[in-house]
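For reference, the structure is listed below as structure tokens.
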Amino acid sequence: MEVIIRETENDAAQLTADLIANALIEKPELVLGLATGRTMEGLYARLAQKHAESGLDFSKGTTFNLDEYIGLPPENPNSYRTYMNNHLFNKINIDLANTFLPNGTAPDLDKECAGYEAKIAEHGGIDLQLLGIGSTGHIGFNEPLSALGSRTRCKALTPGTIAQNSPLFDNPEDMPKRAITMGVGTILDSKRCIMLVTGAAKADIVAKAVEGPLTSMISASALQLHPRATVIVDEAAAAKLENRGYYDWIFQNEPEWAPYR
Ligand code: F6R
């Protein structure tokens, strides 16, 4: 795992956007795993800007989102499909037919989950999986005690996650209490993971995920098992990291990071 600390939220989003853009330039048929949430909004705005200003080409790319609420049809304003269309897909040249999210209104949800896994496999797996972290330590909607080998499935959301996300609903009571999410094992199968974390409210949980023990109580700690995981944080989210001097040293000395210094 690498931890890269950037000064501001904007700088952290910019570095993440640059890494995604470079991956796409290197492999135009990139299979990109995507996350939703407030943290991703600035990042998606930057990717849209790269498309508009420098012609970053998404036309051959494929995307798989981590999760979707159970019971919300795609056209619901709070669905993650709507979020993705509004924040990214409608602003870039991706073929919408190549953008996948679980269907939270499928008649047979278990079949939907198995089908989602099969579709990822059909595409050769995920090349780069983008992640955020929730206040419960979840990645995707893998709430505490999610098995480290779990696959795409239905998951009940914790009261903490409901408190975090329900203010985004016109009527907070309307927020679904369950979601389909890729599993921790699904995420760990991706070839590269980048977790973007910003803001002081995430400082405690990101320190536990990065420097604490590997535990299913904090799904993001499973990234310690991944051969190529990069955690990008701003100064506010880095505040509780004990070994930041070491992380900065790696950033300054590892040749891979030279273009970004
Ligand atoms: C949603 C997802 C979640 C979010 C996390 C952080 O697709 O993957 O794990 O990344 O809940 O959300 P924000 O950025 O709103 O704090």
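Looking at the chain, the accessible area is 43 square angstrom per residue; that uses a 1.4 Å probe and ignores ligands, DNA and RNA.
Largest first and in whole Å, the equivalent-ellipsoid semi-axes of region 130-228 read 22, 16, 11, each the square root of five times a Cα gyration tensor eigenvalue. A Förster radius of 45 Å, combined with the Cβ-Cβ distance separating Q224 from E173, puts the computed FRET efficiency at roughly 0.75. By the scheme Lys and Arg +1, Asp and Glu -1, what is the net charge of all other residues having a beta-carbon under 14 Å from that of P144? After counting each charged neighbour, the total is +1. Taking the Kirkwood radius as Rh and the Cα radius of gyration as Rg, region 84-160 has a ratio of Rg/Rh equal to 0.97.
Compared with the rule-of-thumb size 2.2 N^0.38 Å for a compact globular protein, the chain has a Cα radius of gyration ratio of 0.95. Surface calculation, 1.4 Å probe, protein heavy atoms: S135 sits at approximately 70 Å² accessible. Taking the DSSP bridge list for the chain and keeping only pairs wholly inside it, about 25 percent are antiparallel. In plain terms, if you count all Cα to Cα distances in region 47-123 and split them into 5 Å steps from zero, the share in each step is 3, 15, 23, 22, 18, 11, 5, 2, 0 percent. What number comes out for the charge environment of P77, summing +1 per Lys or Arg and -1 per Asp or Glu over other residues with Cβ under 13 Å away? With Lys, Arg at +1 and Asp, Glu at -1, the neighbours total -2.
By a 1.4 Å probe calculation restricted to protein chains, K177 has an accessible surface near 100 Å², given to the nearest 10.
Using only alpha-carbon positions in region 1-70, the gyration tensor eigenvalues give semi-axes of 19, 17, 13 Å once each is multiplied by 5 and square-rooted (largest first).
The values are calculated or read from the model by the stated rules, or taken from the named source; none is laboratory data. Fair warning: this is a prediction, and the values are worked out from it, not measured in the lab. For neighbour counting, all protein chains shown are included, and Cβ atoms are generated from backbone atoms with ideal geometry for every residue, glycine included. These area figures cover heavy atoms from the full protein model, side chains too; ligands, DNA and RNA do not enter into them. Shrake-Rupley method; radii C 1.70, N 1.55, O 1.52, S 1.80 Å.
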